[in-house]
1. How many square angstrom of accessible surface are buried between B and A, both sides summed, with a 1.4 Å probe and rounding to 100?
2. Determine, from the Cβ-Cβ distance of B:Gln73 and A:Lys44 and an R0 of 41 Å, the FRET efficiency 1/(1 + (r/R0)^6), rounded to the nearest 0.05.
3. For q values of 0.11 Å⁻¹, compute log₁₀ I(q)/I(0) with the Debye formula on a Cα-only model of chain B, without solvent.
4. Residue separation times 0.36 nm, minus the C-alpha to C-alpha distance between B:Gln42 and B:Ala141: what's the value?
5. Multiplying the sequence separation of B:Arg246 and B:Lys179 by 0.36 nm and subtracting their Cα-Cα distance, what value in nm do you get?
6. Span-like helices, chain B: DSSP H, alpha-carbon axial extent 20 Å or more, mean Kyte-Doolittle 1.6 or greater, which ones?
7. Can you figure out the FRET efficiency of B:Asp224 with B:Asp331, using R₀ = 25 Å and their beta-carbon distance, to the nearest 0.05?
8. Starting from the Cα of B:Val281, move 7 Å in the Cα-to-Cβ direction to define the label point; list residues of the range B:43-76 whose amide nitrogen is under 19 Å from there.
Amino acid sequence: MVKEIERAGIPVVHVATVVPISLTVGANRIVPAIAIPYPLGNPKMDCTEEKKLRRALVEKSLRALETEIHEQTVFED
Amino acid sequence: MSKRRILHYLNQFFGQIGGEDKADISPMIKEGQVGPGMALNQGLKEVAEIVNTVICGDSYFNENLDEAKAAIQNYLDEVKPDLVIAGPAFNAGRYGMACGHVAEVAAEKGIPVITAMYEENPGVEIFAKYAYIIPTADSAAGMRKAVPAIINFVKKFIETDGEVGSPEAAGYFPRGIRKNFFAEKRGSLRAVEMLIRKLKTEEFKTEYPMPDFDRVAPNPPVADISKAKVALVTSGGIVPKGNPDRIESSSASKYGKYKLTDLLEFTEDNSETAHGGYDPVYANQDADRVVPLDVVKEMVGEGKIGTLHDYWYATVGNGTSVANAKKYAADITKDLVADGVEAVILTST
């Protein structure tokens, strides 16, 4: 799906836990997520902490969308 | 020669530990055979024996790669098997990836690995060079065919001392390994014959298939996200409570388009996951963990994101065929383009 949306000219950031799969399906901007059942959360944290974590991931994703890249890029930090 | 000693790798489900709620268990080793290992062992009893079974949760393996691979390495050093069998994994993505990683670890130690998966399992493309991967159906309903196929292949592997022959002849996915052999006809003659067949529009078979890299070049970045229109898409199956479109928990036959203008965030009262390929407890409690609606709305309010497209799109990426995923994405994209969406956050579980 990432590839088809990208093909239409819209930049996509793929937030995914299993980065090798994301690379194989052809995502270009990849942000590694937390865990498979909760990519953008962590039920072990309290609500405020968890939301902070999610916000950090969303901010990283937005930065990825604003970053010029020339090949598949995993945004680690 | 004495019976070959086989180590068998299974996930938590086929290892009879449990379902998705046990997908986070760390690796363990058992004596003898478990689950599909019983039938494999029975079929192989003349030539081989499954001496140990290693079981690991699919989520654990993919989320803790280093630890999981280290554990596999230790088990291989302890057991010193002659052969490893992994799976079959059918179209289970995480399971296929785990089988592939097991194969990679074993291959480094020179231990041959035989596994079985559906052709679209990501494990095939990534790990084919480390293992003989036998094609299976896309679901465990294909177990009855997969087991004898593995048995026959292992027998052949043992009989031929690993010289099973080409992928087409022996029935496994091409591994990208070249073997020298003497052809009956010289290369120039074969090339001309092939060309003549091609000119006559007859069937011909290339000796060197070009790899099919269907890559899309990255689009230019968004100049200023605080002025851009953003959309949310997920393969993690987040749908309104009650799953109004009845999106299937695996091999989804559709995607959903849902209005988000009246929502500030996801809660356990307004949403749930339809996805059957991961433990749904956490997403059902708070689907923002899969589609970050709360944070994105907040950031729109703060002026840090321009605007948000009025709908989110969801399908279930569990065993969904590539052809279907493409079709859904084409429809979704039409919508996004029509509405002037400039960037997409796509989340996957």
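1. The summed interface area works out to 4600 Å².
2. 0.90
3. -0.86
4. Values: separation 99, 0.36 × 99 = 35.64 nm, distance 2.00 nm.
Full extension of this stretch gives 33.6 nm more.
5. Working: separation 67, 0.36 × 67 = 24.12 nm, distance 5.00 nm.
Extending this stretch completely gives an extra 19.1 nm.
6. Values: long enough: B:65-79 (21 Å, -0.30); B:93-108 (23 Å, 0.17); B:143-159 (24 Å, 0.48); B:322-338 (24 Å, 0.09).
None clear 20 Å together with a mean of 1.6.
7. Efficiency computed from Cβ-Cβ geometry: 0.30.
8. B:56-64
The values are calculated or read from the model by the stated rules, or taken from the named source; none is laboratory data. On a predicted model such as this, the values are computed, not experimentally measured, just so you know. Cβ atoms come from the backbone with ideal geometry, glycine included; neighbour counts cover every protein chain shown. The area values use the complete protein model at the heavy-atom level, side chains included, leaving out ligands, DNA and RNA. Shrake-Rupley method; radii C 1.70, N 1.55, O 1.52, S 1.80 Å.
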